[in-house]
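Working notes for the structure below.
The values are calculated or read from the model by the stated rules, or taken from the named source; none is laboratory data. As the structure is a computational prediction, the values presented were derived from the model and not from experiment. Every residue, glycine as well, gets a Cβ built from its backbone with ideal geometry; the counts of neighbours run over all protein chains shown.
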Amino acid sequence: MDKYKDFSVADFLDDPDFMRWMTDQDHEDDIFWNEYIKLNPSKKDQINEAKLVFRLLQSRENKLTLSEQYDLWNNIQQASKSSGKQIVFQLLKYAAVLIFVFFLGAASYYYYQSSFSAHPLQFAETFPADAGAMVILADGSKISLRKEMSEILYSKNGDQLVVNNDTIRQKSEIKEALNKVIVSYGKKSMIVLSDGTKVWLNAGSQLIYPAAFIKEVREVSLVGEAFFDVAKNPERPFIVKAADVNVQVLGTRFDISAYPEDKIIQTVLEEGKITLKYEDNGLFKRDHTVEMAPNQMVEFDRLLRETTSSVVNVSKYVSWKEGMLEFEKVDLIKALKQIERFYNVNIMLDNQQIGTYKLSGKLDLKNTAEDVLNIIKLTLPVNWQRKTNGDYLLTKK
Amino acid sequence: MPKLDKRSDERLLWSRFLNGDDQVLSLIYLQYSNPLFDYGCRFSKNTDLVKDCIQEVFCNLLRTRKNLSETDNVKFYLLKSLKRQILKEIQKSSNKLVSINDQEYSFELLLGQNNDDQLNELNEVKQQALVEALESLTDRQKEAIYLRFDRGLEYNEISEILNLNYQSARALIHRAIEKLREVIHIQEQKFTQILFSILMSRTRPVL
């Protein structure tokens, strides 16, 4: 710590540790520097000035929109393809799968020769954050879901569905007609599939499924979070494809959270038995399966491609479908992410350390976002304010 | 330790890619496409040109993978390639026969614009002085500042991108920092002087 004794403002801006604190904004660094200032109050002014200079020197960012980002990636693939390098193309096909994962979470598309024949782009057009809530039928027609909590019911053969009490017919053909439900941030939906399986779809999520299950395997794709109550049918296993993992079940209740922006795919089993499948990172891309028991949570790290398992109180992870959020010593930053999705708002932290505060208790999502923030304010030493652009800012009390 | 997470993730991604794992290219793309786009837009307002150049950078990455090493910083490598590509394209479109040398391109900092939260901490006089001070920087100084404070590069990396030696790159940034500090301080002195004189004028009658 003595190292900084004779530091000037410019010295701080030269120091790799100081610069990392500024650029990475990790709370570990916050703790270190706040402690340092406390112990060396004489350096406070210089450090604050260095911080101010750093922030003044940062400029406004030019950003690609999500669709621009996706199109550009497609172009990169195309360009590599047309350069005639067969190997590159072959390899890029897998890369394509991965980007697909990130934008849609519907991977394993090529690996398992899925029955989904629709073109990936067709799904990519609508990203949950931008799109409104809607049902998209196999012929491309869209039915918008205006309610905050919509209900969609399919008839047994899938040729009829009831959306919030309106009955809609669609042609049931021999081949599987894929339907999709998109739920934007701030909304939720409950879907009863043609086999009787119930799916609660959380804010900012998508579910792709056949109107009627014709094949011997019942297959759906998920982006985001959903709770499944799968109708029992021992002859026809039910598979959920969520980004890099597949979950296979016969009949059971479980929750999967696989948002594209999250590094972790989280699966929590309430009852029954499910099997999680994924490929590892090794040279031979070996398949792994994890069998889960009730009350177990398995977290899959997409980068390391490893799983960790723990025993949890399931109700805390599935209470969102009843319009509640339940936390027990959860990092505030994690809880805020869920609140952001529910209310379709942005919540900023003035200080990264706030994100590490532990939140416990229940939040009723029937209340407004501001009510919820007020409750958090009562339990944790934070204040909130609304910025001119509509974002919320949490500050230390 | 979470402190190291970001950086070790980056290194892990890069080494996976170099070892032939193409699946991670999309992760690299997702992580760096926006920083690259942002950097590119500082050289050219033509966003299509910038996008084309990013495309070329990634295609090159695939082609030249065998020649790259684990010690390369992926962010640095991508930024450097993008700059080279963009200058090439700018040269092409301007029909110049000689290649653009380092003094010839312009670089935009976009400082003092849409930077409300930070600027609001300063009073109006300071804001104006700040904008003027930054406008007066050379394009190279602007680029050095950008690479240091927006992209978080090290001095040795900045010096390579700017074709300078380490000391000059550092001096370039230091001069800019001092300029900025002058703005912050001179105004503050004035401010305290005014404050002081007000206080004095108020207290005098009482005495």
Checklist entry - For segment A:142-187, which residues satisfy the criterion of being over 20 Å from A:Tyr343 (Cβ atoms), in a loop (DSSP other than H, G, I, E, B) and not small (Gly, Ala, Ser)? => result A:Lys156, A:Asn157, A:Asp159, A:Asn164, A:Asn165, A:Gln170, A:Lys171, A:Glu173, A:Ile174, A:Lys175, A:Glu176
Checklist outcome for this item: For segment A:1-18, the count of residues that are surrounded by fewer than 17 Cβ atoms within 10 Å (Cβ to Cβ) and within 27 Å of A:Ser59 (Cα to Cα) equals 5
Item to check | Among (1) modelled with pLDDT of 65 or more; (2) surrounded by 15 or more Cβ atoms within 10 Å (Cβ to Cβ), the one test that B:Asn123 misses | outcome: (2)
Checklist entry - Could you give every pair whose Cβ atoms fall below 7 Å, whose first residue belongs to segment A:191-210 and is within 15 Å of A:Gln160 (Cβ to Cβ), and whose second residue is surrounded by fewer than 24 Cβ atoms within 10 Å (Cβ to Cβ) and of a type in the set (S, T, N, Q), counting only separations of at least 6 or pairs across chains? => result A:Ser194/A:Ser155; A:Ser194/A:Asn157; A:Asp195/A:Asn233
Checklist outcome for this item: Selection over segment B:38-69 where residues are at the interface with chain A (Cβ under 10 Å from one of its Cβ atoms) and of a type in the set (A, V, I, L, M, F, W, C) yields a count of 8
Next on the checklist: Quick check on A:Val311: is it loosely packed, with under 12 Cβ neighbours inside 10 Å and either in contact (Cβ under 8 Å) with a residue 60 or more places away in the chain or within 28 Å of A:Gln248 (Cβ to Cβ) (or both)?
Outcome noted: yes
Checklist entry - If you go through segment B:26-75 one residue at a time, how many are touching a Leu at 6+ places or on another chain (Cβ under 7 Å) and not in a helix (DSSP H, G or I)? => result 2
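Yes or no, residue by residue, for (1) in a strand (DSSP E or B); (2) within 25 Å of A:Met22 (Cα to Cα); (3) touching an Asp or Glu at 6+ places or on another chain (Cβ under 9 Å):
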{"position": "A:Ile354", "(1), (2), (3)": "no, yes, no"}
{"position": "A:Ser360", "(1), (2), (3)": "yes, no, yes"}
{"position": "A:Leu363", "(1), (2), (3)": "yes, no, yes"}
{"position": "A:Asn367", "(1), (2), (3)": "no, no, no"}
{"position": "A:Val372", "(1), (2), (3)": "no, no, yes"}
{"position": "A:Ile375", "(1), (2), (3)": "no, no, yes"}
{"position": "A:Leu378", "(1), (2), (3)": "no, no, no"}
{"position": "A:Trp384", "(1), (2), (3)": "yes, yes, yes"}
{"position": "A:Leu394", "(1), (2), (3)": "yes, yes, yes"}
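What do you reckon, is A:Ala258 farther than 17 Å from A:Arg302 by Cα and either of a type in the set (S, T, N, Q) or within 20 Å of the chain's Cα centre (by Cα) (or both)? Before you say what the answer is, go through the steps one by one.
On the way: farther than 17 Å from A:Arg302 by Cα: no; either of a type in the set (S, T, N, Q) or within 20 Å of the chain's Cα centre (by Cα) (or both): yes.
Against the criterion (farther than 17 Å from A:Arg302 by Cα and either of a type in the set (S, T, N, Q) or within 20 Å of the chain's Cα centre (by Cα) (or both)), A:Ala258 does not qualify.
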Checklist outcome for this item: Note on segment A:254-288: residues closer than 23 Å to A:Val312 by Cα and part of a loop (DSSP other than H, G, I, E, B) are A:Tyr259, A:Asp262, A:Lys263, A:Gly272, A:Lys273
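Residue by residue, here is whether (1) free of Cβ contacts under 8 Å to residues at least 24 places away in the same chain; (2) surrounded by 20 or more Cβ atoms within 10 Å (Cβ to Cβ) holds:
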{"site": "B:Val24", "(1), (2)": "yes, yes"}
{"site": "B:Lys45", "(1), (2)": "yes, no"}
{"site": "B:Asp52", "(1), (2)": "no, no"}
{"site": "B:Val57", "(1), (2)": "no, yes"}
Next on the checklist: For segment B:169-191, which positions are modelled with pLDDT of 90 or more and either buried (at least 23 other Cβ atoms within 10 Å of the Cβ) or among the polar types (S, T, N, Q) (or both)?
Outcome noted: B:Ala169
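Is segment A:164-174 home to any residue that is surrounded by fewer than 24 Cβ atoms within 10 Å (Cβ to Cβ) and under 24 Å from A:Met324 (Cα atoms)? Show your work before the answer.
Step one: list which residues in segment A:164-174 are surrounded by fewer than 24 Cβ atoms within 10 Å (Cβ to Cβ), which gives A:164-174.
Cutting the leftovers down to under 24 Å from A:Met324 (Cα atoms) gives us A:164.
For segment A:164-174, residues surrounded by fewer than 24 Cβ atoms within 10 Å (Cβ to Cβ) and under 24 Å from A:Met324 (Cα atoms): present.
Would it be correct to say that A:Lys366 is within 29 Å of A:Glu151 (Cα to Cα), surrounded by 14 or more Cβ atoms within 10 Å (Cβ to Cβ) and in contact (Cβ under 8 Å) with a residue 12 or more places away in the chain?
Working: within 29 Å of A:Glu151 (Cα to Cα): yes; surrounded by 14 or more Cβ atoms within 10 Å (Cβ to Cβ): no; in contact (Cβ under 8 Å) with a residue 12 or more places away in the chain: yes.
So A:Lys366 fails the test.
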Item to check | Candidates A:Gly224, A:Gly251, filtered to the one that is in contact with a Phe, Trp or Tyr (Cβ under 9 Å, 6 or more places away or on another chain) and part of a loop (DSSP other than H, G, I, E, B) | outcome: A:Gly251
Next on the checklist: What pairs come out if I take residues in segment A:329-347 that are closer than 15 Å to A:Val382 by Cβ and assigned to a strand (DSSP E or B) and pair them with residues that are at pLDDT below 85 and not polar (S, T, N, Q) whose C-beta lies under 8 Å away, six or more apart or interchain?
Outcome noted: A:Ile347/A:Asp391
Checklist entry - Of all the residues that make up segment B:28-37, how many are more than 7 Å from every other protein chain (Cβ to nearest Cβ) and either under 25 Å from B:Glu108 (Cβ atoms) or not β-branched (Val, Ile, Thr) (or both)? => result 4
Checklist entry - Tell me, which residue of segment A:40-63 that is facing chain B (nearest Cβ under 7 Å) and part of a loop (DSSP other than H, G, I, E, B) is farthest from B:Tyr146 (Cα to Cα)? => result A:Lys63
Checklist entry - Before we move on, is A:Asn344 modelled with pLDDT under 85, surrounded by 13 or more Cβ atoms within 10 Å (Cβ to Cβ), over 28 Å from A:Ile31 (Cβ atoms) and among the polar types (S, T, N, Q)? => result yes
Next on the checklist: Here's a check for you: in segment A:19-39, which residue that is at pLDDT below 80 and more than 15 Å from B:Arg148 (Cβ to Cβ) is surrounded by the fewest Cβ atoms within 10 Å (Cβ to Cβ)?
Outcome noted: A:Gln25
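Quick one: which residue in A:Ile256, A:Ile265, A:Ile214, A:Ile239 is over 21 Å from A:Asn179 (Cα atoms) and either touching a Gly at 6+ places or on another chain (Cβ under 8 Å) or buried (at least 17 other Cβ atoms within 10 Å of the Cβ) (or both)? Step through it out loud before you land on a result.
Values: A:Ile256 fails: over 21 Å from A:Asn179 (Cα atoms); A:Ile214 fails: over 21 Å from A:Asn179 (Cα atoms); A:Ile239 fails: over 21 Å from A:Asn179 (Cα atoms).
None of the others qualify; the one that does is A:Ile265.
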Checklist outcome for this item: Output for Cβ contacts, cut-off 6 Å, separation at least six or different chains, first residue closer than 19 Å to B:Phe43 by Cα and facing chain A (nearest Cβ under 10 Å) in segment B:149-175, second part of a helix (DSSP H, G or I) and of a type in the set (S, T, N, Q), reads B:Gly152/A:Thr23
